[in-house]
Amino acid sequence: MLDRPAQLATRYVRTPEAARLLGISPRTLEKYRCHGNGPTFRKLGGRVVYAIGDLEAWADQAACSSTSDPRYLEARAAGNAHR
């Protein structure tokens, strides 16, 4: 079970702020959510929210050291998959 203070320390943001933090448009984040290739989200009281840690983890998955990095091609393909 999670430590109670750790649970309370989690900060959630709505779609517009999450998109701003990631440097993408809110509409792109909504499309990623619908297609299942975006960051983990939660529905709380009918609202979609993102934990800051989940946004960071999702962005870290796309980290590449160069354009010849195999993960670069995967990250690029994921970003272009639903255009």
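Have a look at 18, 57, 46 and report the one farthest towards the positive end of the charge dipole of region 10-79, computed about the Cα centre with Cβ charges (Lys/Arg +1, Asp/Glu -1).
In region 10-79, that residue is 46.
Taking all protein chains together and a probe of 1.4 Å, list 32, 72 from the most accessible to the least accessible.
The residues order as 72, 32, largest area first.
Just how many % of Cα pairs in region 10-79 lie over 18 Å apart, if you round to the nearest whole percent?
Here the tail beyond 18 Å accounts for 38 percent of pairs.
The values are calculated or read from the model by the stated rules, or taken from the named source; none is laboratory data. None of the values given here were measured: they were computed from a predicted structure. No Cβ is skipped: glycine too gets one built from the backbone with ideal geometry, and neighbour counts run over all protein chains shown. For the accessible areas, the whole protein counts, side chains as well, though only heavy atoms, and no ligand, DNA or RNA atoms are used. Shrake-Rupley method; radii C 1.70, N 1.55, O 1.52, S 1.80 Å.
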